[in-house]
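The values are calculated or read from the model by the stated rules, or taken from the named source; none is laboratory data. As the structure is a prediction and not an experimental result, all values here were calculated from the model. Cβ: placed from backbone, ideal geometry, glycine included. Neighbour counts: every protein chain shown. Heads up: the accessible areas ignore ligands, DNA and RNA and are worked out on the full protein's heavy atoms, side chains in. Shrake-Rupley method; radii C 1.70, N 1.55, O 1.52, S 1.80 Å.
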Amino acid sequence: MPDHIGIVACSAEGAALCYRTICVEGAQLLGAHAHPEISIHTPSFAEYVNCLERNDWAGVGELMLASAHKLAKIGADFLICPDNTIHQALPLVLPRSPLPWLHIAEVVAAQAVERGFKRVGITGTRWLVDGEVYPQALAARGLQYLRPTNEERDEINRIIMEELVCGVSKPQGVAYHQQVIDRMKREGCDAVILGCTEIPLIMSDANSPLPTLDSTRLLARAALRTAISGSSK
């Protein structure tokens, strides 16, 4: 039997896409209708947002850790978090975590290397692109990166927090992401990280000026591989 995947969820849309990907692509690997056992826990999204707005990363970590303990009690073997932003608190969580975690940025960085990319653009919430979650993971693998400008960070953050996390997709949001990614292409990037788990709901290789690294689906696939191999134990 595959290992039991625990999902430490934050915002609904990204977590739902991750869950759905595991279920759908699990059937491709395990047979019709089959996928590993999956459990999801999340507090109210507002609790996370309140901590983020205060830059209270210790508070974010406590929310993640509470989910981790609940998932461990119901039998999860390892944990994933389909939210890039709150990975900034993961170093505070790991020393006290009851279970191992897959790190979304490390999964994405590994895929960037595998696909031969050299310089990647980072998109996501302002908290994410201001922080070191992706720069650290990319630099560890010898990859260069480019962040959005301050103006771009503000508008992408607005699109994410006012639209995408609420399940709202607008043509203007798509166009703005295309504009930012096109600038990154002109400045030498050969790929772009969709570094908010909701961005893949509106951006993909089909409409992006650069090849995309879809953090949500890459994490889901890494979780599938880990569960099927039993390597989390």
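Quick notes
- Subset of the range 153-175 that is of a type in the set (Asp, Glu) and in contact with a Lys or Arg (Cβ under 7 Å, 6 or more places away or on another chain) - its residue that is farthest from Phe45 (Cα to Cα): Asp154
- Checking Ala109 against (1) among the aliphatic types (A, V, I, L, M); (2) in contact with a Gly (Cβ under 9 Å, 6 or more places away or on another chain); (3) assigned to a helix (DSSP H, G or I), the condition it does not meet: (2)
- Of all residues in the range 32-58, those satisfying the criterion of being out of contact with any Phe, Trp or Tyr (no Cβ under 9 Å at 6 or more places or on another chain) and either among the hydroxyl-bearing types (Ser, Thr, Tyr) or assigned to a helix (DSSP H, G or I) (or both) are Ser39, Ser44, Phe45, Ala46, Glu47, Tyr48, Val49, Asn50, Glu53, Trp57, Ala58.
- Residue in the range 60-69 that is part of a helix (DSSP H, G or I) and among the hydroxyl-bearing types (Ser, Thr, Tyr) present: yes
Every residue, every condition in (1) open to solvent by 50 Å² or more (accessible area, probe 1.4 Å); (2) closer than 28 Å to Arg20 by Cβ; (3) not in a helix (DSSP H, G or I), yes or no:
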{"site": "Gly142", "(1), (2), (3)": "yes, no, yes"}
{"site": "Glu151", "(1), (2), (3)": "yes, no, no"}
{"site": "Ile156", "(1), (2), (3)": "no, yes, no"}
{"site": "Ile159", "(1), (2), (3)": "no, yes, no"}
{"site": "Ser169", "(1), (2), (3)": "yes, yes, yes"}
{"site": "Gln172", "(1), (2), (3)": "yes, yes, no"}
{"site": "Asp182", "(1), (2), (3)": "yes, no, no"}
{"site": "Cys196", "(1), (2), (3)": "no, yes, yes"}
{"site": "Leu213", "(1), (2), (3)": "no, yes, yes"}
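- Out of Ser232, Ser204, one residue alone is closer than 30 Å to Gly31 by Cα, at pLDDT below 95 and outside any helix (DSSP H, G or I). It is Ser232.
- Entry remark, the range 41-69: residues being more than 15 Å from Trp101 (Cβ to Cβ) and not hydroxyl-bearing (Ser, Thr, Tyr) number 16 in total.
- Taken together, Asp205, Asp190, Asp154 contain a single residue that is within 18 Å of the chain's Cα centre (by Cα), more than 16 Å from His87 (Cα to Cα) and of a type in the set (Asp, Glu), which is Asp205.
- Residue in the range 40-63 that is in contact with a His (Cβ under 9 Å, 6 or more places away or on another chain) and modelled with pLDDT of 95 or more present: no
- Which numbered condition Ala68 fails, given (1) farther than 19 Å from Leu213 by Cβ; (2) open to solvent by 10 Å² or more (accessible area, probe 1.4 Å); (3) of a type in the set (Gly, Ala, Ser): (2)
- Residue within the range 24-37 that is surrounded by 15 or more Cβ atoms within 10 Å (Cβ to Cβ) and β-branched (Val, Ile, Thr) present: no
- Residue match in the range 89-101 (condition: crowded, with 18+ Cβ neighbours inside 10 Å and over 30 Å from Glu37 (Cα atoms)): no
- Evaluation of Asp83 against (1) closer than 19 Å to Leu213 by Cα; (2) in a helix (DSSP H, G or I); (3) charged (D, E, K, R) (one fails), failing number: (2)
- Index of the failed condition, Arg20 passing every other in (1) in contact (Cβ under 8 Å) with a residue 12 or more places away in the chain; (2) closer than 21 Å to Gly167 by Cα; (3) not hydrophobic (A, V, I, L, M, F, W, C): (1)
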